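Only one structure is covered here, and it is reproduced in the block below.
What follows draws every value from the coordinates through simple rules; no lab data is involved. Remember, it's a predicted structure, so these values are computed and weren't measured experimentally. Cβ atoms come from the backbone with ideal geometry, glycine included; neighbour counts cover every protein chain shown.
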Amino acid sequence: MESEIIIDTALDVSFWGLVLQADFVVKIVMLILLIASVWSWAIIIEKSRKFINLRKQANSFEAAFWSGDSLEELYEKQADSPEHPLASVFVAGMYEWTRASDKNSLSNEKIQAGLQDRIHQVMQVAVTREIENLEKNIGFLATVGSTAPFIGLFGTVWGIMNSFQSIALSKDTSLAVVAPGIAEALLATALGLLAAIPAVIAYNKLSNSLNSYATKLQNFAGEFEALLSRHLSEQDNES
């Protein structure tokens, strides 16, 4: 009885106790899951703040764009360093427009058609580039969400194998023999789920935010192209 009491007392079932007493392979699994979880939360916080700021900046920019003020003045403010993707798309289109205006070549129909094509192309390239920048690291959340449970499961299997090995070596099936291996196995499973669940939820939320913002960029690009096209038509009628 005394020996059993000593074994039970020596077994530390606290979180840190289980981590420190875990097998080396299980410790590696836990470390990988911990790093994945911390990295995931860093991405979640950074991207969530970014999309909140982008929505505010987009609303402010669209208000200025549709206010009726000179687009040339708005372009001069944003040309050197666009503050957000919507401004970058606007600057890309205005750059082509101002180049053509400086050459005084807007009266020729062929040149007008070519200008519209160039404006469309540069704005689409700008939209694609900005979307690619925004979606950086979001895919990592999907990777964590799909792989973390299996990494945790590997640690679980390894811990259970250790329990069976302990039984075989000691020829004893008491709780004191199997508890350490089972405990570290369950802890690996828990850490896998702890990393995966927030990553999956955040990936879905951030993907929706990205799609919504991408739609806003595409709509703005289309509206701006239509605005410039009307302006070209007006100039053609005046000439």
- Task: Would you tally the net charge around residue 210, using a Cβ to Cβ cut-off of less than 15 Å, leaving residue 210 out, and scoring K and R as +1, D and E as -1?
- Result: +4
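Taking neighbour Cβ counts within 10 Å as the exposure measure, how do 224, 150, 90 sort from fewest upward?
Sorted ascending by nearby Cβ count, the order is 150, 224, 90.
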- Stretched fully, the stretch from residue 117 through residue 63 gains (0.36 nm per residue minus C-alpha distance, one decimal, in nm) 16.8 nm
- Note on the structure: Proxy exposure order for 75, 203 (fewest C-beta within 10 Å first) is 75, 203
- Task: Would you order 24, 164, 140 from fewest to most other beta-carbon atoms within 10 Å of each residue's own beta-carbon?
- Result: 24, 164, 140
